[in-house]
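The block underneath contains the structure these notes are about, expressed in structure tokens.
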Amino acid sequence: MIFIVGASAMLLLAAGFVIYPFVASRVEVFTPERNEQNLDLYRERIADLDAQLLAEDITDSDYEQLKQESDGALLYDYGSAAEIQRSNGVPRWLGLVACGLLVVLVVMVYGRLGALTDWQLSQRYAAAMAPDQQNIELQREFLAEVTAYADDSPEPAQWWYMAAQGYLGLSEYKQAASAYRQLVLLVPEDPAASAGLGQALYLANGRQLTAEARGWLDQALSLDSTNATALGVMGISAFEQGQYQEAIDAWERALSALPPMGGQAQVLRNGVAEARGMLGQSSDPVAAARIEVSVSLSDTIQYQSDETIFVFARATKGPPFPLAAVKLSVAELPTTVVLDDSMAMQSGARLSSFDEVEVVARLSRGNQPIASAGDWQGRSGSLQLQGTTIQLDLLIDQQVE
């Protein structure tokens with residue numbers, strides 16, 4: 001923000017230099033005609049003084065003093081044509097040159113502090129920190145450059161966050177915690193910053209949930225009660241200490257706010273299933289409810305190989321969100337997928353919790369789970385669940401309107 005204000009001030013100053021010569025050139029100046037008018041006025045003044053002297057209205061000394069004043073005024077007001085030319089304001093070229101120099105200066109400052117540097121670093125970040133980048137030393141050098149630049153950026157929080165994420169990816173947890181400390185100073189009300197610091201401290205301390213780490217995780221949850229990072233770390237810590245029910249509670253709370261078909265949700269669901277197994281509960285929820293769906297796509301449908309297929313079961317009489325779901329690429333079809341309780345989207349809303357469900361397989365043109373016009377799908381109709389495995393063939397051949 002300071003940079004924007006400073007740059008704007010310099011541009012306004014530059015504009016002033018351009019405008020001033022034009023304004024100055026319009027200031028009223030003396031011309032030859034005006035000189036003649038001044039001379040006529042002088043003559044009239046002298047004639048008036050002569051008349052006053054003859055009428056003895058003024059003394060000889062008064063006359064001489066007033067005449068000298070009139071002479072001085074004439075000399076001040078009367079100028080030659082050359083003098084008039086010289087008094088005609090600041091040369092316009094000087095204002096234009098000054099403006100150009102200031103614009104160059106603004107560009108130089110912008111290149112140093114502004115979005116140009118941000119853009120350049122962003123491009124390099126994508127290459128240096130790519131998942132397939134094997135040069136760890138190059139990544140370390142780049143992250144050191146990012147941390148050195150972060151506070152000079154117009155958006156320092158963005159760069160401290162990227163540095164923190166980069167160090168986490170390199171498993172350099174102390175550096176990640178240091179970057180997160182800078183971030184929480186800039187955005188103290190951001191739950192992601194607090195949760196990230198808590199996670200980094202947990203990892204930096206050998207996967208020990210210290211009082212400081214827990215404090216940051218608690219702060220994140222006070223700002224966002226379903227923050228998946230904070231709840232994920234707390235669940236892991238509880239699981240490692242044998243507190244399996246606490247782990248289940250934390251992970252199911254996180255699952256309630258995560259995209260149901262995302263990778264993080266699947267990891268947490270697996271964790272919940274493992275924790276239930278440790279408690280002697282059924283770690284194989286397939287026994288409770290299981291639907292095997294053979295999915296295929298009609299030959300009449302044109303598609304792109306990178307388009308997405310969503311296969312999910314939902315209650316015919318109940319919540320509208322999926323009870324279990326799988327995300328596929330259209331290139332994987334035909335294939336068979338399994339829907340069961342391990343894929344529950346929310347705690348207390350498992351496949352086995354409902355007697356009647358419907359299975360839908362949808363080709364999403366926009367790669368989004370919500371149906372939109374132009375998508376294609378196949379639907380099973382109502383299915384009765386009785387704790388047994390249901391096998392189902394589903395053809396995607398109906399266009400969504």
### Message
How much accessible area per residue does the stretch 174-320 have, counting only protein heavy atoms and a probe of 1.4 Å, in square angstrom?
### Response
47
### Task
With r as the distance between the Cβ atoms of D218 and K174 and R0 = 30 Å, compute the FRET efficiency 1/(1 + (r/R0)^6) and round to 0.05.
0.90
#### Entry: Distance (nanometres) between label positions extended 7 Å along Cα→Cβ at D397 and Q68
11.9
### Task
Figure the gain on full extension for T316 and E358 (residue separation times 0.36 nm, minus the Cα-Cα span) and round it to one decimal in nm.
14.5 nm
### Overall Cα dimensions of the stretch 307-398, principal axis frame, Å, largest first
32, 23, 21
### Query
At a Förster radius of 22 Å, what calculated FRET efficiency corresponds to the Cβ-Cβ distance of L333 and N135, to the nearest 0.05?
0.05
### Query
Order of 267-274, 191-198 by packing, highest average Cβ count within 10 Å first?
191-198, 267-274
### Message
Within the stretch 189-293, what whole-number % of the accessible surface is contributed by carbon and sulfur, with the 1.4 Å probe and all protein chains included in the calculation?
### Response
49
#### Entry: Test item: Cα-centred dipole of the stretch 207-347, Lys/Arg +1 and Asp/Glu -1 on Cβ, debye
240
### Query
At each listed q (0.20, 0.21 Å⁻¹), what is the log10 of I(q)/I(0) that the Debye formula gives for the stretch 263-368 modelled as equal alpha-carbon point scatterers?
-1.06, -1.13
### Query
Using alpha carbon coordinates only, what is the Rg to Rh ratio of the stretch 154-294, with Rh defined as the Kirkwood radius?
1.04
### Task
Would you please give the FRET efficiency between T389 and R207, computed as 1/(1 + (r/R0)^6) with r the Cβ-Cβ distance and R0 = 45 Å, to the nearest 0.05?
0.70
### Normalised convex hull volume, the stretch 137-220, alpha-carbon set, Å³ per residue
70
#### Entry: Length added when fully stretched, Y149-S372, from 0.36 nm per residue minus Cα-Cα
75.9 nm
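The values are calculated or read from the model by the stated rules, or taken from the named source; none is laboratory data. If you're wondering where the values come from, they're calculated on a predicted model, not measured in any experiment. Virtual Cβ from ideal backbone geometry, glycine too; neighbours counted across all protein chains shown. When the accessible area is computed, the model is the full protein with side chains, heavy atoms only, and any ligands, DNA or RNA have been set aside. Shrake-Rupley method; radii C 1.70, N 1.55, O 1.52, S 1.80 Å.
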